[in-house]
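Before any comments, here is the structure.
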Amino acid sequence: MTPFLSARGIVKRFPGVLANDHVDFDVNAGEIHALLGENGAGKSTLMQIVYGLYGRDAGEILIEGRPLDLRSTRDAIAAGIGMIHQEFMLVRRFSATENVVLGLKAGGALKPLDLEGPAREIAELSRRYGLQVDPAARIEHLPVGTQQRVEILKLLYRKAKLLILDEPTAVLTPGEAEALLKVLRTLADQGHAVVIVTHKLHEIMAAADRVTIMRDGRVVGSVKTAESSEAELARLMVGREVALTARRSTRPAGPSVLRVEGLTVMSDQGRSALEGLSLDLREGEILGLAGVDGNGQSELAQALTGLRTASGGRVLLGERDLTRASPAERRSAGVAYVPADRRHVGSVGALSIAENAILGDQRAYARFGLLDRKRGRSFAAGLMERFDIRPRKPDYPAGKLSGGNLQKVQLGRAIASDPRALIVEQPTRGLDVGAIEAVWAELLRLREAGKAILLISAELEEILNLSDRIAVIYEGRIMGELPAAQADLRRIGLMMAGSHGEEDGHADL
Amino acid sequence: MRIFERRAAPAEGAAAAALSTALAILAALAVGGLLFLPFGADPFSAYAALFGESFLTWRGFGFTLLKAAPLILIGLGTVVAWRTGFGFLGFEGCVMIGAAAATWVALMVREGQILAGLPFAAFLPLAILASLIAGGIWSGIVGLFKSRFGGNEVITSLMMNYVALLLVQYLVSGPLREPGGLPQSPRLPRETWLPQLFDGMRANAGILIALAAALVVWALLLRSRIGYEMVVTGLNPKAARFGGVEVGRRQFMAACLAGGLAAMAGMVEVLGLHHRLIDGMSGGVGFVGMVAALLGKLHPLGVVIASTLYAGMTVGADAMQRQAGLPSSIVFMIQSLIVLFILAGEFFRRYRLRLPGRRTASAGEGV
Ligand SMILES: Nc1ncnc2c1ncn2[C@@H]1O[C@H](COP(=O)(O)OP(=O)(O)OP(=O)(O)O)[C@@H](O)[C@H]1O
Ligand SMILES: [Mg+2]
């Protein structure tokens, strides 16, 4: 059988980086094909070449065996190739239908736009593939998972035969992710070809038919999931055994380091994001804050680091009241932060890795007001060595780093600042298993060193593996708090959904 | 069918930027050369006259430096403001304010005034300080408006231009008016004039002040911690806040410094060229300085080069008109063409013509 899409000998060079090195990649109609590989392995690059976003230095692309003259995304779309980016490209104030037809030629410029026909068609598509999208709903009112399905509708409406999704589940709740995988299965069953790029091995095992593994720009293997295992995939990808279980020593937590008392915070939309939230972070412990994305976690982190003003309550570091302190004051007091949005909050894409590595610590690099750039570069070089950041070039623009490598820069920077309390938000989102292993090890090392760590994560597995205590946040409130030993998935899941997780009505808090 | 398509590999980096600028200037000169033909003039000799006069003759080069100094200072102000994400457009007003401040100090050096007999070595720092402070306060108002009330600096700074122009108009027709006819201040005492660079050369110490300022701005913006914070603020205010940078404070600083630099341009004009405060004397230099900053890619060194080139063309245009009888407006058209072509060059570093038969595989080529 001829594959629907076949990429042959793709080569792509970026200045100083060989991102794709003679890559062969086939996708059949009717299959879900996973693309797996370490951060910076070249997955996104390959997909962007197939979608016509990047040119290639060599190689050809065949659609159903015929060479495709691929010069822009337009050519790709015409050939039935569609791609969903990690950042959705939707107009928030438009309805689903309007977003779907946006950018399509519809008769003359002066003819009134006919939305009823498309709306009907969209409803039909939505029904056929089990997408559950209301064509009239405004994007801004839709949860992330549904927005993503609008993106899928956009592709289907444009008659895409091949759908490429680059890390689609990174921003989804576990429930949403499961629903998405079901949708993808329906699509494949109806003859579409689906490519998902993901770092989550269990998703691959559960949903994909085949998986192609990349390392350092090359394809190192392509296997049927039915004939493989998570362990084998991890080994193929990283080139060694990986064991994703954190081994924690039991050690008693020390005195309280960071205390949050009755914190009340507004969201950007002026709604209440935190309502009298209290937490106590102790020396040498990891407090896991579990919760579905968007329940006030980001606002909490921002309020703790001074990026958002609290409208009530207190933040105390030791005896010191930091409630009104500026971000810089909190930093120097010893509160470090790794934000979830690494591209827009944690880094400056146009500046080099070295310049990003010193962000937040720039005072320490100044002598007589002048920045000691040499020291900054050697610090960055050390960071890149220690955290295996690739490419290992301190002068490389941070914006060109793959997501996982950028995350390592952020995390390394925070750890290197030797904080008393560290707030990490979604630390391993988008990271490959090897990198996750490294990040977890770093966090545990910090814990051993007596730091107080607040781990905000939507990954339950991460929370369960690392935390000494687990608190669950729901709609800006702590639903309950339990020692890790007593945590079980079911209880936490219930609390994350807003119940107190105690059948007998007794809450732990 | 579309005419342009996005380059798969945009030509980035300093070399590509420099090359595209150089090509743009050459292309503008080539197209501009055609404008000479209707006058029966040979473009090559016209250009020879143009650049020969302004760069190769002692006299002309002096004029070029004279005109370049204020452009450099304003361009530097633009670099500081825009790189910090402060879209300030009020340089024209700051020039006038700086000119007024320098005039005021210089007039105090007259016989019988409080600073009478002040040596030049003491006067100059005082004048620089006065114009820096006056211009800094002037643009600082705009900065304060933005950081305190979120006022749009583009609009407020443009409005402040008018206020400054009118303020100077008031000064020269009232408090600072020269006894007698024209709306201008009395002539400044000779001791306060900027000295000529060399005897018989029109250029004065203003160009040295401008070059020194370029050095300072370069060190501040690209080498110091505060400059780093400013650049980060301009590129990504969220990341700046995350990094403990006080964004409002840095933008306010940038605003003050930008205004101060432009005000120094006013001072250089007054002390070096006009030797008095004249109504409307800035004559748009505040806007030309912004163009020079753009042509100089918002880099201090680029500003020096672009300003000198621009000034030279202006000087050469006058000479050309005098000597060859060619209208100097042609040169202004060429100047505008250069701006346009450089912008086009920016575009073509990211896009290219969509030609049939062009393969994506060749998309790596730069400019
Ligand atoms: N536009 C670009 N310019 C220069 N280098 C780039 C560019 N895009 C990607 N790279 C580099 O190419 C390599 C491959 O990057 P790519 O984004 O394809 O990785 P990835 O496999 O998607 O990684 P991740 O899992 O972290 O998303 C990386 O080293 C990256 O730094
Ligand atoms: Mg990627």
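The values are calculated or read from the model by the stated rules, or taken from the named source; none is laboratory data. Since the model is a prediction, treat every value here as computed from it, not as a measurement. Heads up, the Cβs are rebuilt from the backbone with ideal geometry, glycines too, and the neighbour counts pull from every protein chain shown. Side chains are part of the model used for accessible areas, which takes the heavy atoms of the whole protein and leaves out ligands, DNA and RNA. Shrake-Rupley method; radii C 1.70, N 1.55, O 1.52, S 1.80 Å.
Enter the mean number of other protein chain beta carbons within 10 Å of the beta carbon of each residue in B:233-239, as an integer.
Working: counts 1, 2, 5, 11, 0, 7, 15.
For peptide B:233-239, the averaged partner shielding equals 6.
Can you give the calculated 222 nm mean residue ellipticity of chain A, where each DSSP H run of n ≥ 4 adds -39,500 (n - 2.57) and the sum is split over every residue, rounded to the nearest 500 deg cm²/dmol? Present the calculation step by step, with values, prior to reporting the outcome.
Numbers: 16 runs with 159 residues, N = 509.
One gets -9000 deg cm²/dmol as the mean residue ellipticity at 222 nm.
Taking H as built 1.01 Å from N, whose amide H comes closer than 5 Å to the amide H of residue A:221, not counting residues under 5 places away?
When sequence neighbours closer than 5 places are left aside, the close amide H contacts are A:213.
Rounded, prolate or oblate: which fits region B:42-325 when a ≥ b ≥ c are the square roots of the eigenvalues of the alpha-carbon gyration tensor, with rounded for a/c under 1.5 and prolate only if a/b beats b/c? Don't skip to the answer; put the middle values down first.
Working: a/c = 1.78, a/b = 1.19, b/c = 1.49.
Oblate shape, in that a/c is at least 1.5 and b/c is the bigger or equal ratio.
Identify all lysines with a Cα-Cα distance to residue A:393 below 20 Å; exclude those on the same chain that are fewer than 8 residues away in sequence.
A:12, A:374, A:408
Taking a quarter of the surface of the convex hull around the Cα atoms of chain A, what do you get in nm²? Display every interim value, and only then the final one.
Values: hull surface 104.9 nm².
Value for chain A: 26.2 nm².
Mind telling me which of B:32, B:140, B:325 comes out most flexible in a GNM of chain B, alpha-carbon contacts under 10 Å?
Highest fluctuation among the options: B:325.
Please give the Cα centre distance for region A:371-388 versus region A:185-229, rounded to the nearest Å.
So the two Cα centres are separated by 36 Å.
Net charge near residue A:129: determine it from the other residues with C-beta under 11 Å of the C-beta of residue A:129, scoring Lys and Arg +1 and Asp and Glu -1. All intermediate terms of the calculation are to be shown ahead of the outcome.
Numbers: positive: A:127, A:128, A:149, A:182, A:185; negative: A:124, A:189.
Within the 11 Å Cβ shell, the charges total +3.
In Å², nearest 100, what accessible area do chains A and B bury in total when the solvent probe is 1.4 Å? Mind showing how you got there, number by number?
On the way: alone 22840 and 17300 Å², together 37200 Å².
The A and B chains share an interface burying roughly 2900 Å².
Where a ≥ b ≥ c are the square roots of the eigenvalues of the C-alpha gyration tensor, would you call region B:266-340 rounded, which needs a/c under 1.5, or, failing that, prolate if a/b is larger than b/c, or oblate?
On the way: a/c = 1.97, a/b = 1.06, b/c = 1.85.
It comes out oblate by the Cα gyration axes.
Report, in deg cm²/dmol and to the nearest 500, the calculated mean residue ellipticity at 222 nm for chain B, where each DSSP H run with n ≥ 4 adds -39500 (n - 2.57) and the sum is divided by the residue count.
Details: 13 runs with 239 residues, N = 367.
Taking each H run of at least 4 residues, the total per residue is -22000 deg cm²/dmol.
What percentage of all Cα-Cα pairs in region B:1-148 are separated by more than 20 Å? It would help to have the intermediate numbers written out before the result.
Details: 7812 of 10878 pairs.
The answer is 72 percent, as a whole percent.
Please provide three numbers in whole Å: the alpha-carbon extents of region A:250-320 along the principal axes, with the largest listed first.
41, 28, 18
When all alpha-carbon pairs of region A:346-417 are counted, what percent fall beyond 13 Å?
Result for the distance tail: 58 percent.
For the protein assembly as shown, what's the radius of gyration and Dmax over Cα atoms, in angstrom?
Calculated on Cα positions, Rg and Dmax stand at 32.0, 102 Å.
Tell me whether region A:16-99 comes out rounded, prolate or oblate; compute the Cα gyration tensor, take square roots of the eigenvalues as a ≥ b ≥ c, and use a/c under 1.5 as the rounded threshold.
Numbers: a/c = 1.73, a/b = 1.39, b/c = 1.24.
Note, shape of region A:16-99 comes out prolate.
Carbon and sulfur together cover what percent of the accessible area of region A:262-306 at a 1.4 Å probe radius?
Details: 580 of 1480 Å².
Here it works out to 39 percent.
Counting only other chains, and only Cβ atoms inside 10 Å, what mean value do you get across the residues of A:477-487?
Numbers: counts 0, 0, 0, 0, 0, 0, 0, 0, 0, 0, 0.
Taking all residues of A:477-487 together, the mean is 0.
Sorted by average packing, counted as other Cβ atoms within 10 angstrom per residue and highest first, what order do B:65-72, A:68-75, B:226-233, A:412-419 take? Spell out each step's value before the answer.
Working: B:65-72: 28.4, A:68-75: 17.8, B:226-233: 24.5, A:412-419: 20.1.
Listed from highest to lowest mean packing, they are B:65-72, B:226-233, A:412-419, A:68-75.
Find the relative contact order for chain A and round it to a whole percent, using C-alpha pairs within less than 8 Å whose residues are 6+ positions apart. Provide the component values of the computation, followed by the final result.
Numbers: 1030 pairs, mean separation 76.9, N = 509.
Over chain A, the number comes to 15 percent.
For region A:236-384, what mean projected area does the convex hull of the alpha carbons give, in nm²? Mind showing how you got there, number by number?
Numbers: hull surface 51.6 nm².
Computed as one quarter of the Cα hull surface, the answer is 12.9 nm².
Take the alpha carbon atoms of region B:128-156, find their center, do the same for region A:1-52, and report the distance between the two centers in whole angstrom.
52
Which entries of A:200/A:451; B:67/B:297; A:154/A:224; A:43/B:297 show an alpha-carbon separation above 26 angstrom in the structure shown? Please report the intermediate quantities before stating the final value.
Working: A:200/A:451 29 Å; B:67/B:297 20 Å; A:154/A:224 30 Å; A:43/B:297 35 Å.
Over 26 Å Cα-Cα: A:200/A:451; A:154/A:224; A:43/B:297.
Just tell me the longest site-free run in chain A, where the sites are GluC sites (Glu not before Pro) in a DSSP loop having at most 11 other beta-carbon atoms within 10 Å.
On the way: sites that count: A:87, A:241, A:319, A:503.
Longest site-free region, per DSSP loop and neighbour criteria: A:320-502.
Tell me the net charge near residue A:262. Cut-off is 11 Å between Cβ atoms, residue A:262 excluded, with +1 for each Lys or Arg and -1 for each Asp or Glu.
Around residue A:262, the charge tally is 0.
Using only the Cα atoms, what convex hull volume per residue in Å³ does region A:295-361 have? Don't jump to the answer; show the numbers that get you there.
Working: hull volume 6.2 nm³, N = 67.
Normalising the Cα hull of region A:295-361 by residue number yields 92 Å³.
I'd like to compare B:241-251, B:192-202, B:327-337: which one has the highest average count of other Cβ atoms within 10 Å, and what's the full order after that? Walk me through the numbers before you get to the answer.
Values: B:241-251: 21.5, B:192-202: 15.5, B:327-337: 17.1.
The packing order, highest mean first, is B:241-251, B:327-337, B:192-202.
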